[in-house]
Amino acid sequence: MSTTGEVIPMPVPSSFNDITQNRFIRDYAGWVWYDRDFFVPSRWEHRSLTLRFGSAHYESIVYVNGVEVVRHIGGHLPFQAYVTKHLKYGANNRITVALNNILSDTTIPQGGVRYKTDLTKYPKGFYETTTNFDFFNYAGIHRHVSLYALPVDHIDDIAVTTDIKDTTTGVINYEISHSEKTSAAECVVEVMDKSGKKVAETKGYSGSITIPNAKLWWPYTTNPNPGYLYTLRVSLVASGKTSDVYYERVGIRTVKATDKQLLINGKAVYLTGFGKHEDANIRGKGLDLPILAKDFNLIKWIGANSFRTSHYPYSEELMDMADEAGIMVVDECPAVGLGGWSAPLLAQHKQTITEMIARDKNHASVVMWSVANEPGTDKVKSPPYWAEIHKHIKALDTSRPITAAIAGGYREDLVSAILDVLMINRYWGWYQDTGYPQAIEKQLVNDLSKWWDTHKKPIMVSEYGSDTVAGLHTDPPFVWSEDYQSEIFGQFFKAFDTLKAKGFFAGEHVWNFADFMTGEFITLCKFRHFQG
């Protein structure tokens with residue numbers, strides 16, 4: 001036992017919730033503390049040391065040898081700090097992370113905690129947490145923590161966009177930033193094909209490289225050679241010596257939305273696939289590479305070509321795998337179930353979008369940015385909020401369409417004006433007209449036709465389907481049986497065929513790819529426990 005309370009071993013990366021047999025830890029809301037000792041070799045003393053977190057949920061304060069080095073608000077995205085001056089070289093060091101998973105009206109996503117003080121009804125310390133979403137609020141250090149040594153003058157960031165000229169010439173536009181802006185280092189950029197052969201070279205911290213007869217990045221199911229990637233080798237060279245090298249893989253492709261279609265390399269694509277979640281037994285939202293590999297094998301096995309990162313950005317390893325496999329990704333910000341339009345909420349929403357684009361901007365697989373899932377888009381105060389989001393995201397990236405998953409009706413919706421592609425969540429036969437799959441085709445076709453008549457933008461269904469009890473069969477089909485789920489899908493497929501013939505329908509994503517953890521609730525997203 002420590003003076004701070006009981007100390008237990010906790011793996012990283014992992015959520016802390018499901019590791020123990022303790023209900024209190026599983027349902028905990030508040031601050032937790034992580035400690036880890038590590039050794040730094042003496043030879044690193046004259047290098048630039050960066051401490052990087054792949055993600056931690058939700059608010060983090062990081063200390064090195066007792067000194068605060070970085071704070072970060074928001075889960076699912078990386079943050080880092082230079083820690084050179086805070087380390088002891090040739091000796092042991094300690095990293096301490098304070099982590100708080102409590103959400104509020106100004107966090108992305110939103111949530112809250114309500115304490116119950118009436119001791120005639122509730123135990124001492126009893127509190128209730130609420131969320132605006134239906135998945136479990138897993139907490140912990142969810143992705144890798146890295147300490148790495150770099151030259152004092154090193155590459156900070158690489159930004160890449162691509163274009164195609166005359167149908168065959170690839171164009172790679174790049175911008176490189178480095179840490180020592182006053183250094184005399186020259187930037188050399190080489191392009192290697194998939195076999196490692198150099199096909200182009202240039203110099204300078206920004207510019208364009210043309211590749212004749214380029215092999216384009218195509219989505220899976222649309223081309224015999226999907227997911228083709230070139231590699232940029234970016235080097236800093238001073239006085240004839242290479243001081244830093246960074247490799248960045250690049251897929252040459254364009255993305256554009258017309259009034260009816262989503263185009264990849266000028267050709268219309270139809271998205272088939274899933275909404276997903278990033279969780280698994282025991283490790284929660286902790287990175288699990290075997291599960292990622294299995295997921296991609298399942299996606300390709302079933303013949304899908306895309307998924308949405310519902311409802312938050314997924315791991316960098318997953319994004320790399322999507323690039324390689326040619327799987328299209330709708331990259332979604334964690335603004336799920338958004339309600340309220342305060343200035344602090346807007347600031348956090350913008351910051352999260354900034355971090356998402358900064359991390360994922362070079363991924364060829366990312367074909368759209370999703371700014372929210374099922375927000376309160378019918379609120380009269382929301383249009384100025386969404387206008388600010390649109391302005392912000394377009395200032396960061398103009399190479400991809402903007403979208404959002406909408407659950408409301410076309411008459412009430414006030415966010416569609418800022419979107420390039422509409423994603424609509426629809427559950428006829430399940431949440432509406434439960435038990436009547438025969439109503440699906442007409443309902444869906446009429447609804448989405450009115451959406452297109454109103455907005456003249458490509459439309460896809462981003463969620464549809466029904467739940468089932470595995471192994472339950474009924475004849476004739478009845479809700480919760482596998483037979484009813486199959487009938488639901490069949491009716492949606494009929495509607496999709498009709499919609500595709502209209503020319504504006506761009507895709508279909510089943511909800512959901514696999515089981516995921518939820519809170520303990522019946523109809524409200526909440527769970528309860530007490531502090532002993």
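The values are calculated or read from the model by the stated rules, or taken from the named source; none is laboratory data. For clarity, every value in this text was computed on a predicted model and none was experimentally measured. Note that we place each Cβ from the backbone using ideal geometry, even for glycine, and neighbour counts take in every protein chain shown. What goes into the accessible areas is simple: the full protein's heavy atoms, side chains included, and nothing from ligands, DNA or RNA. Shrake-Rupley method; radii C 1.70, N 1.55, O 1.52, S 1.80 Å.
For region 472-485, what does the Karplus curve 6.51 cos²θ - 1.76 cosθ + 1.60, with θ = phi - 60°, yield as ³J(HN,Hα) per residue in whole Hz, taken in order and with x for Gly and Pro?
Along region 472-485, the couplings run 7, 10, 9, 9, x, x, 9, 3, 6, 8, 4, 5, 5, 4 Hz.
If each Cα of region 23-149 is one equal point scatterer, what is log10 of I(q)/I(0) from the Debye formula at q = 0.10, 0.12, 0.22 Å⁻¹?
Taking Cα atoms of region 23-149 as identical point scatterers yields -0.41, -0.55, -1.25.
Assuming 0.692 mPa s and 37 °C, estimate D for region 264-529 with Stokes-Einstein, Rh taken as the Kirkwood radius over Cα pairs, in µm²/s.
Estimated via Stokes-Einstein, D reaches 169 µm²/s.
Which log10 I(q)/I(0) values does region 265-341 give at q = 0.18, 0.21 Å⁻¹ under the Debye formula, counting every alpha carbon as one identical point scatterer?
Normalising to I(0) and taking log10 leaves -0.78, -1.00.
Quick one: which of 38-48, 431-441 comes out on top by average Cβ neighbours within 10 Å, and what's the full order, highest first?
Numbers: 38-48: 13.3, 431-441: 15.3.
Going by the mean number of other Cβ atoms within 10 Å, highest first, we get 431-441, 38-48.
Need one number: convex hull volume per residue for region 152-250, Cα atoms only, in Å³.
Working: hull volume 9.6 nm³, N = 99.
It comes to 97 Å³ per residue, whole-number rounded.
Please compute one quarter of the surface area of the Cα convex hull for the chain and express it in square nanometres.
Dividing the Cα hull surface by four gives the mean projection, 28.4 nm².
Projected onto the charge dipole of region 166-205 (+1 at Lys/Arg Cβ, -1 at Asp/Glu Cβ, origin at the Cα centre), which of A184, G196, N173 gives the Cα projection farthest towards the positive end?
Projecting each Cα onto the dipole axis, the largest value belongs to G196.
Ignoring ligands and nucleic acids, what accessible area does L345 show with a 1.4 Å probe (Å², nearest 10)?
The accessible area of L345 comes to roughly 0 Å².
Whose amide H sits under 5 Å from the amide H of H311, counting only residues 5 or more places off or on another chain, with H placed in the peptide plane?
Under 5 Å from the amide H of H311: no residue qualifies.
Tell me which residues come under 5 Å, amide H to amide H, from D378 once H is placed; ignore anything under 5 positions away on its chain.
Answer set, sorted by chain and number: L414.
In the chain, what percentage of the DSSP-assigned beta bridges are antiparallel, given to the nearest 5?
Values: 91 of 120 bridges.
Rounded to the nearest five, the antiparallel share is 75 percent.
Write out the GluC sites (Glu not before Pro) in region 334-416 meeting two conditions: DSSP loop, and at most 16 other Cβ atoms within 10 Å of their Cβ.
Details: sites: E355, E388, E412; in loops: E412.
Here the sparse-neighbourhood loop sites are E412.
With +1 on each Lys and Arg Cβ and -1 on each Asp and Glu Cβ, how big is the dipole of region 264-529 about its Cα centre, in debye rounded to the nearest 20? Can you show the working numbers first?
On the way: 26 positive and 34 negative charges, 184 e Å.
The dipole magnitude comes to about 880 debye.
Positive end of the dipole of region 209-337, charges at C-beta (+1 Lys, Arg; -1 Asp, Glu), about the Cα centre: which of N225, A238, V250 has its Cα farthest in that direction?
My answer, from the dipole projection, is N225.
Can you tell me the accessible area per residue over region 344-476, all protein chains present, probe 1.4 angstrom, in square angstrom?
40 Å²
Output the pairs from K391/K456; K450/K494; K165/K500; K194/K285 with a Cα-Cα distance over 24 Å in this structure; if there are none, say none.
Numbers: K391/K456 21 Å; K450/K494 18 Å; K165/K500 29 Å; K194/K285 32 Å.
In this structure, K165/K500; K194/K285 exceed 24 Å between Cα atoms.
To the nearest 10 Å², what's I282's accessible area with a 1.4 Å probe?
The value for I282 is about 110 Å².
Whole angstrom only: what separates the Cα centroid of region 200-258 from the Cα centroid of region 399-448?
Rounded to whole Å, the Cα centres lie 37 Å apart.
Quick check: with the 1.4 Å probe, what order do V250, V237, V380 take by accessible area, largest first? Could the numbers behind the result be given before it?
On the way: V250 5, V237 35, V380 125 Å².
I get V380, V237, V250, largest accessible area first.
Check the straight Cα-Cα distances from K203 and name the lysines below 17 Å, setting aside those fewer than 8 residues away within the same chain.
K181, K241
Could you give the semi-axes, largest first, of the ellipsoid that matches region 378-532, computed as the square roots of 5 times the alpha carbon gyration tensor eigenvalues and rounded to whole Å?
Working: eigenvalues 181, 117, 37 Å².
Square roots of five times the eigenvalues give 30, 24, 14 Å.
May I ask you to give the solvent-accessible area per residue for region 58-116, in square angstrom, as obtained with a 1.4 angstrom probe?
42 Å²
Can you give me the long-range amide H partners of F136? Hydrogens built in the peptide plane at 1.01 Å from N, cutoff under 5 Å, separation of 5 or more residues or another chain.
Under 5 Å from the amide H of F136: M517, T518, G519.
Could you give me the ³J(HN,Hα) list for region 23-39, computed from phi with Karplus coefficients 6.51, -1.76, 1.60 and θ = phi - 60°, whole Hz, x at Gly and Pro?
Coupling constants for region 23-39: 4, 4, 6, 4, 9, 5, 10, x, 7, 10, 10, 10, 10, 8, 8, 8, 9 Hz.
Whole-Hz Karplus ³J(HN,Hα) for region 91-98, in order, using 6.51 cos²θ - 1.76 cosθ + 1.60 and θ = phi - 60°, x for Gly and Pro?
Computed from phi, the couplings for region 91-98 are 8, 6, 10, 10, 9, 10, 10, 9 Hz.
Given Cβ point charges of +1 (Lys, Arg) and -1 (Asp, Glu) and nothing else, what value in debye, to the nearest 20, does the dipole of the chain about its Cα centre take? Mind showing how you got there, number by number?
Working: 54 positive and 60 negative charges, 168 e Å.
Using only the charged Cβ atoms, the result is roughly 800 debye.
Please express the Cα-Cα pair-distance distribution P(r) of region 405-486 as a list of whole percents, one per 10 Å bin, running from 0 to the bin with the greatest distance.
Result, from short to long distances: 17, 43, 25, 13, 2 percent.
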